[in-house]
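In what follows, a structure is listed as structure tokens, so that the remarks can point back to it.
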Amino acid sequence: MPAKRAIDLTGSLILLLLLSPALLALTAAVASTTRGPLLTRRDRTGLGGSTFAMLSFRTTPASPAGRLLRRHFLDNLPQLINVVRGEMSLVGPRPLAPGEDASVAGRARLCVRPGMTGLWQISGRSELPWEEMGVLDLHYVEQHWLGLDLLILVRTLPAAIAGRRAARPVRLA
């Protein structure tokens, strides 16, 4: 879909430009709390089964900055570079590690570019069972259109602001 790619490229470049001061501040925060490279590269499977290095800020959950970055998904902002490169889309199924999911949904997700955000991310994320993620990804692959992408993008900002919920301790009766 050339229109989707045009929106991805334009949107990611605009976001990189608008967020550049925040990205610089995040880079400084990461640099002050971790040693080694500022970005991590994780192998992920993309469109057609091709493998690419998905970027994210290196964070340490033990530091307040790392927890803040992870809670509000700010550690994923370097993935805008993956979108510019054409390895990812702004919206799509979340990319998985090579060989991570051999189910029908796992194979179907290879028909579209993986996304920075998607139905799973705005529907409860890690609070949903793994199977539900597969169902949502399969639904997106079968039903995606630009209007759905725009709806997901609009719902992503409130989800990121709300952040991940803290893990609740399990109480044994």
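Overview of values
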| read-out | value |
| --- | --- |
| The chain, relative contact order in percent, only Cα pairs under 8 angstrom and at least six apart counted | 20 |
| Percent carbon-and-sulfur accessible area, region 10-128, ignoring ligands, DNA and RNA, probe 1.4 Å | 63 |
| Segments 108-120, 76-88 sorted - mean Cβ within 10 Å per residue, highest first | 108-120, 76-88 |
| Net charge contributed by nearby residues that have their C-beta within less than 12 Å of S56 (K/R +1, D/E -1) | +4 |
| Radius 14 Å from Cβ of V141, net charge of other residues (Lys, Arg +1; Asp, Glu -1) | +1 |
| Positive-pole candidate from V91, P61, T45, dipole of the chain, charges at beta carbon | P61 |
| Between region 5-29 and region 56-108, the Cα center-to-center distance that results, in Å | 15 |
| Per residue value of the accessible surface for the chain (all protein chains in place, 1.4 Å probe), Å² | 57 |
| Value at 222 nm in deg cm²/dmol, rounded to 500, when DSSP H runs of n ≥ 4 in the chain each add -39,500 (n - 2.57) | -15000 deg cm²/dmol |
| Candidate residues R67, R42: accessible-area rank, largest first, probe 1.4 Å | R67, R42 |
| Order of exposure, largest accessible area first, which applies to E131, E100 with probe 1.4 Å | E131, E100 |
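The values are calculated or read from the model by the stated rules, or taken from the named source; none is laboratory data. Because the structure is predicted, anything quoted here is derived from the model rather than measured. In this analysis, Cβ positions are derived from the backbone assuming ideal geometry, glycine residues included, and neighbour counts consider all displayed protein chains. SASA here: full protein model, heavy atoms, side chains in, ligands and nucleic acids out. Shrake-Rupley method; radii C 1.70, N 1.55, O 1.52, S 1.80 Å.
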